[in-house]
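The values are calculated or read from the model by the stated rules, or taken from the named source; none is laboratory data. This structure is a prediction, so every number in the text was calculated from the model and none was measured. Here Cβ is always computed from backbone atoms with ideal geometry, including for glycine, and neighbour counts include all displayed protein chains.
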Amino acid sequence: MASIQADPHGAHPPAEDLSRPYHERYHAAHHFKSRDHEFDSVKMGVWLFLGTEILLFSGMFVAYAIFRMMHPEAFIAGSGKLSVGWGLLNTIVLLLSSYTVAAAVRHAQTNNQKWLRINVLLTFFAGLAFLLIKFVFEYWPKYSEGKLPGKFYSYPYSTSEYEPLWWAIYWGATSIHASHVIIGMGLFAWIWLRARKQHFGPGHYNAVEGVGLYWHIVDIVWIFLFPLLYLIH
Amino acid sequence: MSHETNSHDGHAHGHVIVSLFTLRTILALLLFFTLLTVGAALAEQWIASTFSVVIPQWINVAVAISIATVKTVLVVMFFMQLKYDSPMNTLIFVFTVLTAAFFLGFTALDLGGRNTLERFKAQYAIPGGTGLGGDNIPITTQARNKAIAAGTYDPHHDHHDHHGAQSITNAGYLQPKPEKGSDGNFSRPVKGVTIPGLPGYIAPKDNHGHDDKSEKSEKSPAGH
């Protein structure tokens, strides 16, 4: 706990008023000068992590570029077998969830506990909706038809010899993205549980901000995946 | 910390609080650009099929990527608040994106030069993968043969081609470019090993006498 901190003058810290919510009582970790200092450091750490995330996905995009330049016909044949409608719906779901996250951060800053919880919960369910759409209407039908990567491919009506390569890119890129959505949902469940205990408010909302930034990057990756996978012709 | 007193509480520590109006405006813009990118893709296909013009593939890519970039800038500046944030975080973001751009750029340089082969280097060319499955039969053909053997193959199958635009594909895109002044033989890798003396060396076809059969008979390790 932050309350157990070395006091430079050797005296015991004053007894904490536990009636005040956690975010008001919150003290920065002892190696930070202040909560602001901690907030800025946490945020920069998150941004550095997001940098590695961008580089992770950039590998996927480079693979996409290479194979598309080598076999454009396979990508067009494969893309034609995706449904633009479900992709569009999932894009809208993710954009709405990006808004609810940004709103959640705002409500934490303004100490609007009720709407903070509602927005975090809405984001969680948007992630769930995204995954349900993905698995029920996209992954499962494609899996059962044999539209799978490489040697697992067994769909007999391909129009391009290199189509298994397209499915490798499709499954690779979307599953890495989907795993990020699953992790994000776990983080929002954690945020929601803490928000119920009034852990976040104007004085302390590092976790809301950090998880929110992560969620926005997941959204941005989808902003690129959607046109590159669904809208090729 | 003992010096951190109540004076901070109740405020967002001087952090910028973005108004709900701004956030909703950004959301509306993002949704608009999403519909725009779908609309642009549909419009391109409509124009291509209605006026039977060939739209180069790079236009499709450029439009989609440009719109996605605008959306990303909106998300990063307002939802992720880089507009109001420490410049250090912007620097981290920009440099990461630049790094990713380097990856893509050098990949493009490499691939762009793949199909042109300098004449003086032609003799060293070693062909890459064949794209074939384990039995030297394309995976797609194997899948089709399996379905035919199982009796589940429908020769009149609807390909679910949502785009219906196979004919406008591939326009001017990575076609093999014969070197200027060459006979065009170097625009494609020659099958087999092309360095004389190595096992599996196949003498280049001279377009005059040899047919496929005589070429195959030369496939044994050549020690001459």
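Any residue in segment A:153-169 that is within 12 Å of chain B (Cβ to nearest Cβ), in a loop (DSSP other than H, G, I, E, B) and at positive phi?
No, there is no match, as no residue in segment A:153-169 is within 12 Å of chain B (Cβ to nearest Cβ), in a loop (DSSP other than H, G, I, E, B) and at positive phi.
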Top-ranked residue of segment A:23-72 - restricted to ones that are facing another protein chain (nearest Cβ under 9 Å) and assigned to a loop (DSSP other than H, G, I, E, B), ranked as surrounded by the fewest Cβ atoms within 10 Å (Cβ to Cβ): A:H30
Matching residues in segment A:73-116 - criterion: being surrounded by fewer than 24 Cβ atoms within 10 Å (Cβ to Cβ) and touching a strand residue (DSSP E or B) at 6+ places or on another chain (Cβ under 8 Å): A:N111, A:Q113
Members of segment A:165-219 found to be free of Cβ contacts under 8 Å to residues at least 12 places away in the same chain and under 25 Å from A:P149 (Cβ atoms), listed by number: A:S175, A:S179, A:I183
In segment A:86-141, the residues that are closer than 23 Å to B:F32 by Cα, touching a residue at least 60 places away in the same chain (Cβ under 8 Å) and within 13 Å of chain B (Cβ to nearest Cβ): A:G87, A:L88, A:N90, A:T91, A:L94, A:L95, A:S97, A:S98, A:V101, A:A102, A:A104, A:T123
Hits in segment A:184-209 - residues which are over 21 Å from the mean Cα position of the chain (by Cα), away from chain B (no Cβ under 14 Å) and either assigned to a helix (DSSP H, G or I) or within 18 Å of A:T110 (Cβ to Cβ) (or both): A:R196, A:H199
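Might you let me know whether segment A:139-147 holds any residue that is farther than 17 Å from A:L94 by Cα and buried (at least 20 other Cβ atoms within 10 Å of the Cβ)? It would help to see each step written out before you state the result.
The initial filter retains those residues of segment A:139-147 that are farther than 17 Å from A:L94 by Cα, namely A:139-147.
Those left that are additionally buried (at least 20 other Cβ atoms within 10 Å of the Cβ): A:147.
Within segment A:139-147, one or more residues are farther than 17 Å from A:L94 by Cα and buried (at least 20 other Cβ atoms within 10 Å of the Cβ).
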Candidates B:I47, B:I26, B:I55, B:I65, filtered to the one that is over 20 Å from A:I223 (Cα atoms), modelled with pLDDT of 85 or more and of a type in the set (A, V, I, L, M): B:I47
For A:M69: the one exception among (1) touching a Lys or Arg at 6+ places or on another chain (Cβ under 9 Å); (2) modelled with pLDDT of 95 or more; (3) over 30 Å from A:A28 (Cβ atoms); (4) hydrophobic (A, V, I, L, M, F, W, C): (2)
Members of segment B:68-98 found to be in contact (Cβ under 8 Å) with a residue 24 or more places away in the chain, assigned to a helix (DSSP H, G or I) and more than 7 Å from chain A (Cβ to nearest Cβ), listed by number: B:V70, B:L74, B:F78, B:Y84
